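Okay, so here's the structure we're looking at.
The values are calculated or read from the model by the stated rules, or taken from the named source; none is laboratory data. All figures in this text were calculated on a predicted structure; none of them were measured in a lab. Cβ atoms come from the backbone with ideal geometry, glycine included; neighbour counts cover every protein chain shown. SASA here: full protein model, heavy atoms, side chains in, ligands and nucleic acids out. Shrake-Rupley method; radii C 1.70, N 1.55, O 1.52, S 1.80 Å.
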Amino acid sequence: MIKALAFDVFGTVVDWRSSIIRELEAFGRSHGLQQDWSAMADNWRSGYAPAMDRVRRGELPWTRIDDLHRMILNRAWHRLDPWPDSVRGLSLLKNRFIVTTLSNGNVSLLTNMAKRAGLPWDTVISAELFHHYKPDPQAYLGCADLLGVRPEELMLVAAHLSDLRAARDVGLATAYVARPQEYGPGQKPHSVGDGEFDFTATDFLDLAEQLGT
């Protein structure tokens, strides 16, 4: 029986790309600059995984996501907007399950984002607490341990296949939620095999319905 839902945040709960483009456009207007802000946002995000991999390989000591973002650009990541279904869907799911983040974002970032966006988390859990970024097993198993549940009683909800597969491989239940606009229009949807994950949903409202909330 599932007791808790742990949510990936960037791309799954919040629309990072549109939010960052908005921030960059505002920066450009205030400084009289004209750029391809969409391309800049995409290039900025492309530095995210390599920066984390440097930490995971031991090339950098444990480094908070805020500090990695600062290496790349600034703190606009604290002001990301949720997808339209996120707040309502989380509120429904919260009626039946513990709902928490399980994000590579640091605690202060996730807390500030939730406060601004009205995200109704029961608690905020971050890779920062384990000094291991996802997809390291310690992040998934550490989350279950902090919540006092067995791995199979915790379900990761995410829009990213690699995240879900890593969680599944250490015994968590999994729910894939499609976010086809995460990287902008015209992107190919993920190819998800039948039965690869425990649940497949179009958004959080669909997931809530499937889970009977």
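Key figures for this structure:
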{"quantity": "Residue check, residue 171 part of a loop (DSSP other than H, G, I, E, B), within 15 Å of residue 6 (Cα to Cα) and out of contact with any Cys (no Cβ under 9 Å at 6 or more places or on another chain)", "calculated": "yes"}
{"quantity": "Residues (in contact with a helix residue (DSSP H, G or I) (Cβ under 8 Å, 6 or more places away or on another chain) and buried (at least 19 other Cβ atoms within 10 Å of the Cβ)) located in the stretch 99-117", "calculated": "99, 100, 101, 102, 103, 104, 105, 106, 109, 113"}
{"quantity": "Pairs, first touching a residue at least 40 places away in the same chain (Cβ under 8 Å) in the stretch 202-213, second open to solvent by 40 Å² or more (accessible area, probe 1.4 Å) and polar (S, T, N, Q), C-beta under 6 Å, six or more apart", "calculated": "213/95"}
{"quantity": "Selected residue [modelled with pLDDT of 95 or more and not hydrophobic (A, V, I, L, M, F, W, C)] from 142, 105, 58, 47", "calculated": "142"}
{"quantity": "The lone exception for residue 150 - which of (1) modelled with pLDDT under 95; (2) open to solvent by 80 Å² or more (accessible area, probe 1.4 Å) it fails", "calculated": "(1)"}
{"quantity": "Pairs where the first residue, in the stretch 26-43, is among the hydroxyl-bearing types (Ser, Thr, Tyr) and the second is in a loop (DSSP other than H, G, I, E, B), C-beta under 9 Å, 6+ apart", "calculated": "38/184"}
{"quantity": "Residue 208 being outside any strand (DSSP E or B), in contact with a strand residue (DSSP E or B) (Cβ under 7 Å, 6 or more places away or on another chain) and modelled with pLDDT of 95 or more", "calculated": "no"}
{"quantity": "Of all residues making up the stretch 170-189, the number that are in contact (Cβ under 8 Å) with a residue 24 or more places away in the chain and open to solvent by 80 Å² or more (accessible area, probe 1.4 Å)", "calculated": "2"}
{"quantity": "Tally of residues being basic (Lys, Arg) and either under 26 Å from residue 212 (Cβ atoms) or modelled with pLDDT of 95 or more (or both) across the stretch 64-102", "calculated": "3"}
{"quantity": "Index of the failed condition, residue 192 passing every other in (1) aliphatic (A, V, I, L, M); (2) open to solvent by less than 10 Å² (accessible area, probe 1.4 Å); (3) in contact with a Phe, Trp or Tyr (Cβ under 8 Å, 6 or more places away or on another chain)", "calculated": "(2)"}
{"quantity": "Residues within the stretch 118-162 that are touching a helix residue (DSSP H, G or I) at 6+ places or on another chain (Cβ under 8 Å), part of a strand (DSSP E or B) and under 18 Å from residue 197 (Cα atoms), tallied", "calculated": "4"}
